[in-house]
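See below for the structure under consideration.
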Amino acid sequence: MGMARTDLRSLARDDMAFLGLGAVVLVASFLPWYGTSTTLNLAGHVIHAAPTTNAWHRWTALGVLLMLIATGIVAAELFGEEPLPALTVPWSVVVLGVDAVGALLVVVKSLDVPSGHTSVSSYGLRWGGWVLLAAAVAQVAVAAWRLRAGRAGGATPAAEPSVE
């Protein structure tokens with residue numbers, strides 16, 4: 001069976017924003033997240049080094065993975081051929097919870113990294129880290145907006161317990 005064809009123009013703006021921010025989170029996680037920059041002047045020769053690392057380390061990696069899982073749930077809900085299975089809570093609540101925990105890990109770890117500078121070097125969060133932080137916070141805000149908009153995310157309310 002193939003994927004259901006969904007016209008992207010028919011998607012709600014918050015759904016498009018959530019998926020787009022998920023793509024930004026994925027790309028930003030591979031950008032320079034943390035690093036150092038050193039410039040030395042040795043006998044007239046300028047030596048510059050700027051090693052960086054991406055966000056795929058320890059708790060930040062877990063946060064990114066959780067945010068990508070939330071993005072995958074929304075993509076499955078929007079583009080899947082079959083509806084998502086029914087839960088006791090709407091899928092939009094699950095998406096918000098998973099996304100918020102992931103973003104919290106990204107934010108806490110990103111703001112917890114050491115930073116500073118000396119006369120020849122600086123170290124700390126790099127531009128990719130700031131992009132990732134902004135995308136993480138924005139995606140949680142959009143997830144909350146999706147929940148507030150009342151879309152249950154393909155889920156149906158839990159069945160009433162039968163009385164026998």
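The values are calculated or read from the model by the stated rules, or taken from the named source; none is laboratory data. Since this is a predicted model, take the numbers as computed values, not measurements. Neighbour counts run over all protein chains shown; Cβ positions are idealised from the backbone, glycine included.
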key: Answer from VAL46, VAL24 - the residue that is at pLDDT 90 or above and out of contact with any His (no Cβ under 8 Å at 6 or more places or on another chain)   = VAL24
query = Which of the residues that make up the range 33-60 are of a type in the set (A, V, I, L, M, F, W, C) and touching a helix residue (DSSP H, G or I) at 6+ places or on another chain (Cβ under 9 Å)?
reply = TRP33, ALA55, TRP56, TRP59
Residues satisfying the stated conditions in the range 6-22, i.e. closer than 20 Å to MET67 by Cβ, part of a helix (DSSP H, G or I) and in contact with a helix residue (DSSP H, G or I) (Cβ under 8 Å, 6 or more places away or on another chain) = ASP14, ASP15, MET16, ALA17, PHE18, LEU19, LEU21, GLY22
query = Out of all the residues in the range 53-84, which are more than 15 Å from VAL95 (Cβ to Cβ), of a type in the set (D, E, K, R) and touching a residue at least 40 places away in the same chain (Cβ under 8 Å)?
reply = ARG58, GLU81
key: Condition check for GLY72: loosely packed, with under 15 Cβ neighbours inside 10 Å and at pLDDT below 90   = no
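For THR36, are the conditions met, namely being among the β-branched types (Val, Ile, Thr) and farther than 22 Å from LEU11 by Cα?
When the stated conditions are applied, THR36 passes them.
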Residue match in the range 92-114 (condition: more than 18 Å from VAL140 (Cα to Cα), surrounded by 13 or more Cβ atoms within 10 Å (Cβ to Cβ), within 16 Å of the chain's Cα centre (by Cα) and modelled with pLDDT of 90 or more) = no
request  = Determine whether the range 135-145 contains at least one residue that is over 12 Å from the mean Cα position of the chain (by Cα), surrounded by fewer than 21 Cβ atoms within 10 Å (Cβ to Cβ), under 28 Å from SER37 (Cβ atoms) and modelled with pLDDT of 90 or more.
outcome  = no
